[in-house]
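This report concerns only the one structure given below.
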Amino acid sequence: MKIGKKEFDLLRQQIYRLCGLSIPDGKEYLIEHRFAPIFQDRGCKTWMEFYKLLQSSDVGFKDEIISAISTHETSFFRDNYPFTSIKQKVLPQLVNGRKSRRGIRIWCAASSTGQEPYSLAMLIHEFCNSPAQKNISPKDFSILATDISEKVLSKASNALFSKLDVDRGLPDGFTKYFKQEGRSWRLNEDVRSLVSFKKFNLLNSFNPLGKFDFVLCRNVLIYFDDATKVDIVHRIHALLPDNAYLMLGATETLSGHTDRFEAEHIGPVILYRKKNGAGKTKSMIGRKRAGTERAAIKFKKPFSAR
């Protein structure tokens, strides 16, 4: 069913309030396409009826809406190059900078169905089991993987993937971390045990998550408006120790828009290193966001990852 302008504006405003996702003008087809199955399942006759249902206290319905409007595109070792830079630069720094026997904590801020955090967990196993590493074990690492969608987190926790999933992006020899179950492939427990999953909305306070040594927030900021993007990046800054790294997606850059991170180029990949003592972080959540356009994150055209 076609959606009118009034209903479109009401729905996208409500979605923004729920999860911060910004739907631009002219994207009525996105609402129509993504929500059509839910519209039918709920027996709605009009888009206004659908909107009023979204305003209700039905948490399950709101979760359905958030999951449907979110983009869950992912694959193992997506884009390849970022994981090469993690192996060559980030993991050695994490190990060398480790204090005493304290564990190393990593946050994957938009984990989708789990391929990104599981890729990182496999990479950690490879790194720790290499001959050069004597005093580090995969068990010294923990990865918190969060997503706003309960549906994708359930699939991620199950760690059961199709042959297509396994064939897409896995480096040579990495199938050793999987066991075939019928037509599917399940990730080994040794890898799964490094990752814990949690439902989390990036608009909420980060304080309950604790501190991290490395954060991946890849391919998610592009769905937020400028003020929210900056706010999220600045709150991530507060979670990291000095000189720790933040990794964004290939088309995302902080250049010229914040002094809290310094860009380090490793081939086509940019890592953002937290500067020593840079900037105090105040969340913009709950405050008026006007006048923040000058701090907007700039987006480049994507590069070819292969």
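What follows is calculated from the coordinates using simple rules that are stated; it is not laboratory data. All values derive from a computational prediction rather than experimental measurement. For neighbour counting, all protein chains shown are included, and Cβ atoms are generated from backbone atoms with ideal geometry for every residue, glycine included.
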(message) Between N276 and K199, what's the calculated FRET efficiency when r is the beta-carbon distance and R0 is 30 Å? Round to 0.05.
(response) 0.35
(request) Return a whole-number percent for the relative contact order of the chain, with Cα pairs under 8 Å and 6 or more residues apart as the contact set. (result) 17
(request) Could you sort out which of K6/K27; K99/K134; K62/K151; K52/K155 sit more than 18 Å apart by Cα distance in this structure? (result) K52/K155
(request) Enter the angle in degrees (range 0 to 90, nearest 10) between the Cα long axis of helix 59-69 and the first principal axis of the Cα atoms of the chain, meaning the one along which they spread out most. (result) 70
(request) Would you grab the residues whose amide H sits under 5 Å from the one on I148? Only those 5+ places off in sequence or on another chain, please, with H modelled 1.01 Å from N. (result) F200
(message) Calculate the FRET efficiency for M48 and T251 from the Cβ-Cβ distance with a Förster distance of 35 Å, rounded to the nearest 0.05.
(response) 0.45
(message) If R₀ is 35 angstrom, what is the calculated FRET efficiency for the pair D25 and D259, using the beta carbon separation as r and rounding to 0.05?
(response) 0.60
(request) Mind ranking 19-31, 69-81, 243-255, 178-190 by how tightly packed they are, going by the mean number of other C-beta atoms within 10 angstrom, highest first? (result) 243-255, 69-81, 19-31, 178-190
(message) Under 13 Å between alpha carbons, and skipping anything fewer than 8 positions from K179 in its own chain: which aspartates and glutamates qualify?
(response) E189, D190
(message) Within a 10 angstrom radius of the beta carbon, how do H257, H33 rank from fewest other beta carbons to most?
(response) H33, H257
(message) Below 14 angstrom from the Cβ of M1, what's the summed charge of the other residues (Lys, Arg +1; Asp, Glu -1)?
(response) -1
(request) May I ask you to evaluate 6.51 cos²θ - 1.76 cosθ + 1.60, the Karplus curve with θ = phi - 60°, for each residue of region 25-31 and list the ³J(HN,Hα) values in order in whole Hz, giving x for glycine and proline? (result) 4, x, 9, 4, 4, 5, 4
(message) Just to be sure I understand the model, the point goes 7 Å from the Cα along the line to the Cβ. What's the resulting K155 to Q93 distance in nm?
(response) 3.3
